[in-house]
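Below is one structure; the comments refer to it alone.
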Amino acid sequence: MKKYLFLVIALTALILAACGGQAKEEKTESETATETNESKEVNLYTARHYDVDDELYAKFEEETGIKVNVIKGEADELLERIKREGDATEADLFLTADAGRLYRAKADDLLQPVSSDLLDEQVPANFQDTDQMWYGLTKRARVILYDKETVQPDELSTYEALTEEKWNGRVLIRSSENVYNQSLLASFIEIDGEEQAKEWAAGMVNNFARDPEGGDRDQAKAIAAGIGDVAIMNTYYFGQMLNSEDPEEVKVAEGLGIFFPNQDTTGTHVNVSGAGVVKASKNKDNAIKLLEFLSAPEAQETFASANYEYPVNENVEPSELLQSWGEFKEQDIPLSTLGEHNAKSILIFNEVGWK
Amino acid sequence: MQHRFTNINAWTVSAVIIIFLLFLPNLTIVTGLFTPSNENWEHMKEFVLWGFMKNSLILTAASAFFTILIGLSLAWLIAQYDFPMRHFLKWALILPLSIPPFIGAYTYHGMLSYTGVIQTTLRENFGMAINPAYFDIMNLPGAVFIYTMFLFPYVYSIAQVYLSRQSASLIESTRILGKGPWKTFFQVVLPISRISIIAGASLVVLEVLNDYGVVKYYGVQTFTTAIFQSWFGLGDIESAIKLAASLMGFVILILMIEKILRGRRQYSYSSTKVRPLPLIPLSGWKAAAATGYGFVILSLAFVIPVAQLIDWTVLTYGTIPMGEFMNYVKNSVFVAGLSATLIIVFALIVGNFARMVRGRLGKLLPRLTVLGYSIPGAVIAVAVVTAFIGLDRFLTPFYVWAGFSTTLVLSVSIVLLVTAYIIRFFAIGYNSIETGYDKIGTDFRDASRTLGLGVTKTFFKVDMPMMKGAIISGFILVFIDVLKEIPLTLILRPFNFDTLSTKAFQYASDEKIMEASQASLLIIGISALAIVFFYKFLERELD
């Protein structure tokens, strides 16, 4: 009998040993972290995952000797993880591609204010959180793309005009599950109030060329396929398509014109990717250094142009392609309102039946 | 007598501990059922919930139906008849499992879209401008097609092994009695292979219920959509967990139905040497039809998407950094191998417990561990993180004593990720092991016990050798699933830890499906190798 009990115990011990062995490894890692803490490491939770980001982190390490440890994931899930980890979290900096998520991080009390003259100099005030909890790093506009053959640019004016009778069955946009649409509607809630925002959403649903499906690029393709004539898309997707490895995608993009709506009224909707220092950060100074590095002119150029985005640093010119689209007037609202109205916008989408 | 009793206890104790540990994180979710409903919940109920549920039901029912139709018909052809290329198709038809459904979904959409190879070729080479709406795969039927194509091997592989080996004598008897093939199929094959069909189909159903990648991209709103909408959109994790708990309740219902449908199992081996079924040769158009059918399915579910991925890899070659790819391969294989090994060991213990224990409750207990497979990965992730942080807090005094600088040790290590995999994929391994135990029945064990061998000795000397096939098939299935897994790996990985699937997802989520092709092909390649190895092993076992 003892023999069998022994077997089971041995098995359990084996499993525990496997876990324990791992824990030991962790131990040595954390020990080295203790000794070098505050000087040699910064832990980044990021929802932005372009290959060029890794190159920038490597460059940062080269310049400062600070190693950037990265966990890449989806914004909401990373936030949830930081929240659950509480005071013990390893995260120092949280980076994501939507102002609404930055707002939520702040609202959930996960970020801390940081002040740095360099950051103030490099990031314009309207792309910073009012309490300096987060800083924008790149920006993008949500614009109208139109079929050069069937639509003249002078037919277009505003987002609101797309709900007119004339566009019935011609408008393309992706599902309301996507955060860019939620932020767009949130901006209308901020500017025009809930009632009008809801009217706009209902009017859009009414004019849909088809039930929303696919991503932003798919809306452009649907124009080429003749399913609709105008699409609402983020600028960088248009940039990506123009530079695609697939000649067919380039052809589609070349058939499209870009239009910045609401130039005579409230301005085109813009959103940022940005980052904030985590409240329980143990390497705060390093996190600030990384923020400063990413908003400095050298990094801004690569950081923004990698994804055909606009740099936030005003001393940096956008890439040639973006310059060719011309300058434009942006919505003049605090970006945190995109987050404040996020939940409201989802409820509206559900109510008007925007899939 | 006392001797035997204590042995059972040792197995029982470890089995109950495993079940408890696997179920523990799910408790976070179960408690969600009892939180009072808030405004968001009411809103969801009023506007969207019923529509989402309807979609989910149609999606799962249709996927189950078509996977059974295709999986079982192929299994039957391969098990019963001989036709050209049968030998090749027999293992090649498992290959579609190696393609992650979300990659399949992106690939098919890429091919069928306006800029895809099909419409482009028609336009440019034949001057045909067919209504692009005909090529639209991004809808509910499209999602059913994707699930059917990339999940039917679950039904096929289990049913095929079963039909070729298990049912040989029964089917032979029917033949001798002069029944035609259709009658044989409906009156004998279908009833006796019920267990294996249900085992395969329930994996399909669970997989469809927890998937988010395919339906999100295709714009099909399901129950999972509701979970993520309340969590991410409304920032209301309570409603999200409440929804997940309801989903879990639904899954428990399915599992109970499955158990009832399995009913009294009475078709276990009657001799240790299982005779394979003698094949009926097909000729002429019948042979051509059988081969053709196999190849049509194989092309749709494997050859065509892989060819497209290869094409994209060539197109984008050199545009993305490849230097770290060996590392991704190493990481992927390491976590998949470790998780699969642990799952099989646990499943063997729990499965052995399940067949020894008497009483309904005891039989049902192991089924609880299967729950993890039904819940969307992101929700499991939260449950596991919560459990581990609790554990770390509990261990904090020890950490302090040991001089650690941080109080989060386990929850930032790979232990977290591997545990989550085990909770998530235990069902897959357990299903194989349980089917294996079912197949060998209890006669041999009872004989061995009567002859005086203890439970543990019987297990290693009598059961294990007969279980080899089940162990390896379970291992391979889990291994492939971990390799393909995405939400858990994304959320729970330690710092600077990338796998092939996180890499593929990284590009795909940015709508860069062409750039995702390299990593996808590597996932498919490694999984395919594992499948080939499995097949070769089975062959040797049978001969």
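The values are calculated or read from the model by the stated rules, or taken from the named source; none is laboratory data. A quick note: this is a predicted structure, and the numbers were derived from the prediction, not measured. Note that each Cβ is placed from the backbone with ideal geometry, even for glycine, and that neighbours are counted across all protein chains shown.
General remarks:
- Yes/no for B:M44 being away from every other protein chain (no Cβ under 14 Å) and either assigned to a helix (DSSP H, G or I) or without any contact (Cβ under 8 Å) to a residue 60 or more places away in the chain (or both): no
- Selection from the range B:6-41 of residues that are in a helix (DSSP H, G or I), more than 9 Å from chain A (Cβ to nearest Cβ) and of a type in the set (S, T, Y): B:T12, B:T28, B:T31
- Qualifying residue in the range B:52-63 (condition: in a helix (DSSP H, G or I), touching a strand residue (DSSP E or B) at 6+ places or on another chain (Cβ under 8 Å), in contact (Cβ under 8 Å) with a residue 40 or more places away in the chain and surrounded by fewer than 23 Cβ atoms within 10 Å (Cβ to Cβ)): no
- Filtering the range A:152-177 to residues that are surrounded by fewer than 18 Cβ atoms within 10 Å (Cβ to Cβ) and either under 25 Å from A:E340 (Cα atoms) or among the small types (G, A, S) (or both) leaves A:S157, A:T158, A:A161, A:G169.
- Residue in the range A:34-44 that is at pLDDT below 80, facing chain B (nearest Cβ under 9 Å) and in a helix (DSSP H, G or I) present: yes
- Pair list, Cβ under 6 Å, 6 or more apart: the range B:185-205 residue closer than 21 Å to B:I94 by Cα, other residue aromatic (F, W, Y) and at pLDDT 85 or above: B:G200/B:Y154; B:L203/B:Y154; B:V204/B:Y154
- Some residue of the range B:96-104 being surrounded by 18 or more Cβ atoms within 10 Å (Cβ to Cβ), over 23 Å from B:K439 (Cα atoms) and touching a strand residue (DSSP E or B) at 6+ places or on another chain (Cβ under 8 Å): no
- Within the range B:391-415, the set of residues being facing chain A (nearest Cβ under 10 Å) and in a helix (DSSP H, G or I) comprises B:D392, B:R393, B:L395, B:T396, B:Y399, B:A402, B:L410, B:S411, B:V412, B:I414, B:V415.
- Residue satisfying all of: in the range B:193-206; over 17 Å from B:I252 (Cβ atoms) and either out of contact with any helix residue (DSSP H, G or I) (no Cβ under 6 Å at 6 or more places or on another chain) or of a type in the set (V, I, T) (or both); surrounded by the most Cβ atoms within 10 Å (Cβ to Cβ) among these: B:V204
- Number of the exception - B:G377 against (1) over 24 Å from B:A244 (Cα atoms); (2) at pLDDT below 90; (3) within 12 Å of chain A (Cβ to nearest Cβ): (1)
- For the criterion of being away from every other protein chain (no Cβ under 12 Å), in contact with a helix residue (DSSP H, G or I) (Cβ under 7 Å, 6 or more places away or on another chain) and either modelled with pLDDT of 95 or more or not in a loop (DSSP other than H, G, I, E, B) (or both), A:A202 passes.
- Residue under evaluation B:E324, criteria (1) within 26 Å of the chain's Cα centre (by Cα); (2) within 14 Å of another protein chain (Cβ to nearest Cβ); (3) surrounded by fewer than 17 Cβ atoms within 10 Å (Cβ to Cβ), criterion not met: (1)
- Lone qualifier among B:Y134, B:Y114 - being in a loop (DSSP other than H, G, I, E, B) and without any contact (Cβ under 8 Å) to a residue 40 or more places away in the chain: B:Y114
- For the range A:69-93, residues that are in a strand (DSSP E or B), in contact (Cβ under 8 Å) with a residue 60 or more places away in the chain and surrounded by fewer than 22 Cβ atoms within 10 Å (Cβ to Cβ) total 0.
- Identity of the residue in the range B:175-214, of a type in the set (K, R) and assigned to a helix (DSSP H, G or I), that ends up nearest to the chain's Cα centre (by Cα): B:R194
- Screening B:G200 against (1) modelled with pLDDT of 80 or more; (2) within 14 Å of chain A (Cβ to nearest Cβ) leaves a single unmet condition, (2).
- Here is the figure for the range B:481-496: residues that are at pLDDT 90 or above and either among the aromatic types (F, W, Y) or surrounded by fewer than 24 Cβ atoms within 10 Å (Cβ to Cβ) (or both) total 0.
- The range B:220-237 residues that are free of Cβ contacts under 8 Å to residues at least 40 places away in the same chain, paired with ones that are among the basic types (K, R) and assigned to a helix (DSSP H, G or I) (beta carbon under 8 Å, 6 or more apart): B:G235/A:R104
- Unique match (being away from every other protein chain (no Cβ under 14 Å) and part of a loop (DSSP other than H, G, I, E, B)) among A:S187, A:S157: A:S157
Results for (1) modelled with pLDDT under 85; (2) surrounded by fewer than 21 Cβ atoms within 10 Å (Cβ to Cβ); (3) away from every other protein chain (no Cβ under 14 Å), shown as yes or no for each residue.
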position	(1), (2), (3)
B:K457	yes, yes, no
B:G469	yes, yes, yes
B:I472	no, yes, yes
B:F479	no, no, yes
B:T502	no, no, no
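- As for the range A:105-112, it holds no residue that is more than 9 Å from chain B (Cβ to nearest Cβ), touching an Asp or Glu at 6+ places or on another chain (Cβ under 6 Å) and either surrounded by fewer than 20 Cβ atoms within 10 Å (Cβ to Cβ) or modelled with pLDDT of 90 or more (or both).
- Candidates are the residues of the range B:107-120 that are more than 10 Å from every other protein chain (Cβ to nearest Cβ) and either crowded, with 18+ Cβ neighbours inside 10 Å or modelled with pLDDT under 85 (or both); the one that is nearest to B:E515 (Cα to Cα) is B:T107.
- Restricting attention to the range B:350-395, the residues that are without any contact (Cβ under 8 Å) to a residue 12 or more places away in the chain and either crowded, with 20+ Cβ neighbours inside 10 Å or in contact with a Phe, Trp or Tyr (Cβ under 9 Å, 6 or more places away or on another chain) (or both) total 1.
- In the range B:141-156 there is no residue matching the filter, namely being surrounded by fewer than 16 Cβ atoms within 10 Å (Cβ to Cβ) and more than 14 Å from chain A (Cβ to nearest Cβ).
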